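Have a look at the structure below before the remarks.
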Amino acid sequence: MSVIERLVYGGCAGTRERLSEIADGEARGLRGWRARGHLARCELCRAAYESLVRTVERLRSLADIDRPPAFGSVADTVADRVRREPPSA
């Protein structure tokens, strides 16, 4: 990256500080514009950004997995199931 590009688009440190904002679509104004411009030109920052996006996507996919009930509701869940199921013969 040339000196002029660095002046216009900023450096890696400033861009990496804004990766979350960019991923969330919240990078606004001149700083957001500079960071997105830097990402378009810097392979290292782009790789960090892509890694962040993949990580967030994987974490969000974990929310889709059935989780056991919270600790406080285990007894309630068992009691509800016992009430719903007919007694065995």
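The values are calculated or read from the model by the stated rules, or taken from the named source; none is laboratory data. What you see is a predicted model; the values in this text were computed from it and never measured. Quick reminder, even Gly has a Cβ in these numbers, built from the backbone with ideal geometry, and neighbours come from all protein chains shown. Quick note on the areas: whole protein, heavy atoms, side chains included, nothing else; ligands and nucleic acids left out. Shrake-Rupley method; radii C 1.70, N 1.55, O 1.52, S 1.80 Å.
Among 47-54, 23-30, sorting by the average number of other beta carbon atoms lying within 10 angstrom of each residue, highest first, gives 47-54, 23-30. Projecting the Cα positions of 30, 13, 3 onto the charge dipole of the stretch 1-42 (unit charges on Cβ atoms of Lys, Arg, Asp and Glu, taken about the Cα centre) puts 3 furthest along the positive direction. In this rough spin-label picture, where each label sits 7 Å from Cα along the Cβ direction, the residue 24-residue 57 distance is 2.0 nm. Of the residues 21, 43, ranked by 1.4 Å probe accessible area with the largest first, the sequence reads 43, 21. If the segment from residue 84 to residue 2 were pulled out straight at 0.36 nm per residue, it would be longer than the present Cα-Cα gap by 22.5 nm.
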